[in-house]
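Peer 1: Sharing a structure below in structure tokens format, with a few things to ask.
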Amino acid sequence: LENELKVNPNNRRAKQILGLSYFMGENYSRASELLTDVISAGTDDAGLYYTLAVSLIKQGKQEPANRVIRQMVAISGSSPQFHILLGRAYYEQGDTTNSLQELKAALALDDRTRLAHYYSGLIYLKLGRFDEAIAEYERELVLNPNDVETRFHLGFVCLASQKSERGVKLMREVIKLKPDYGEAHYELGKALLQQGDIKGAVTSLEAAAKLKPDEAYVHYQLGRAYLQAGRKTEGESHIEISRQLKEKARSQTSQQR
């Protein structure tokens, strides 16, 4: 796509696809550059405005992001999907109050709108209001029973709020639906370790380490599990891997500064 733009710099479709690809790859600077060009040429796709706004927010460019949000408001009118997009944009800015208001507005227009309860749950989880988060995730699952992310977050908040049996059950369900969900294997393994199921913890954390080999926290918990299983050499090895990964991350952060 980059080569295509060198040959045909005004290829709007290539810019749009490339911009969205950079966004998914977390290259927000390049994504915002390309999507700004696409939107400047004219579009009524609210999703592109949302993606551009988030790209700008991720770069700390709040005022330009707010201008894009206002443009999104002007073209979208009032619909549940629009309020969800706006709620997500506010959430990315850390504005939980306005985000919740927009999500409630979406549900006021259609109380069966998908994802409004899911994003409300994220906000309540961020605020530490676990019971409200659980209620929102449960409502989302009524509307969207096979949604893996909602089930994972419901399991996560159950574990965080000491509802461990339910949390473990939900994490197992997530893994059944999506066997390569590394974070679910990790959360399950950590919970089993806390419950004293060392064998189960080792199995889950080994799976997590294969799926998320570059995450220090996964290796640390796996190391703890090995140590509790009496596997001293392996335990110490993974704790050392965890230490090295943390040091590497600190070094990269320092270089970026």
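The values are calculated or read from the model by the stated rules, or taken from the named source; none is laboratory data. What you see is a predicted model, and the numbers here were worked out from it, not measured in a lab. Note that each Cβ is placed from the backbone with ideal geometry, even for glycine, and that neighbours are counted across all protein chains shown. With ligands, DNA and RNA removed, areas are computed over all heavy atoms of the protein, side chains included. Shrake-Rupley method; radii C 1.70, N 1.55, O 1.52, S 1.80 Å.
Peer 1: Subtract the Cα-Cα distance of ASN98 and GLU2 from 0.36 nm times their separation in residues, and report this length gain in nm to one decimal.
Peer 2: Value of the extension gain: 30.8 nm.
Peer 1: Please work out the FRET efficiency for the pair GLN62 and GLU149, using the Cβ-Cβ distance as r and a Förster radius of 22 Å; give the result to the nearest 0.05.
Peer 2: Taking R0 as 22 Å, the efficiency between GLN62 and GLU149 is 0.25.
Peer 1: Would you mind calculating the relative contact order of the range 130-199 from Cα pairs under 8 angstrom and at least 6 residues apart, reporting the percent as a whole number?
Peer 2: 24
Peer 1: Which helices count as membrane-span-like in the chain under these terms: full DSSP H, at least 15 Å along the axis by C-alpha, Kyte-Doolittle mean of 0.5 or more?
Peer 2: 46-58, 148-160, 198-211
Peer 1: Give me the one-decimal nm value for the distance between modelled label points at GLN162 and LYS126, 7 Å along each residue's Cα-to-Cβ direction.
Peer 2: In this crude label model, GLN162 to LYS126 measures out at 2.7 nm.
Peer 1: Leaving out ligands and nucleic acids, and using a 1.4 Å probe, what accessible area per residue does the range 25-176 come to in Å²?
Peer 2: For the range 25-176, the solvent-accessible area averages 48 Å² per residue.
Peer 1: Right, another one. Simple spin-label model, 7 Å along Cα-to-Cβ: GLU240 to VAL142 in nm?
Peer 2: 5.4
Peer 1: Between ASN27 and SER79, what is the label-point separation in nm under the 7 Å Cα-to-beta-carbon projection?
Peer 2: If labels sit at SER79 and ASN27, their model points lie 3.1 nm apart.
Peer 1: On to the next question. Based on the alpha-carbon gyration tensor of the range 107-176 and its eigenvalue square roots a ≥ b ≥ c, which shape applies: rounded if a/c is under 1.5, prolate if not and a/b is larger than b/c, or oblate?
Peer 2: oblate
Peer 1: Sum -39500 (n - 2.57) across every DSSP H segment of at least 4 residues in the chain, then divide by the residue count to get the 222 nm mean residue ellipticity, nearest 500.
Peer 2: Details: 15 runs with 206 residues, N = 257.
Helix-only estimate at 222 nm: -25500 deg cm²/dmol.
Peer 1: For the range 69-220, which whole-number percentage of the solvent-accessible area (1.4 Å probe, protein heavy atoms only) is attributable to carbon and sulfur atoms? Walk me through the numbers before you get to the answer.
Peer 2: Numbers: 3670 of 7380 Å².
After summing per-atom areas, the C and S share lands at 50 percent.
Peer 1: Once you sort the root eigenvalues of the Cα gyration tensor of the range 134-257 as a ≥ b ≥ c, which label holds: rounded (a/c under 1.5), prolate (a/b larger than b/c) or oblate (the other case)?
Peer 2: oblate
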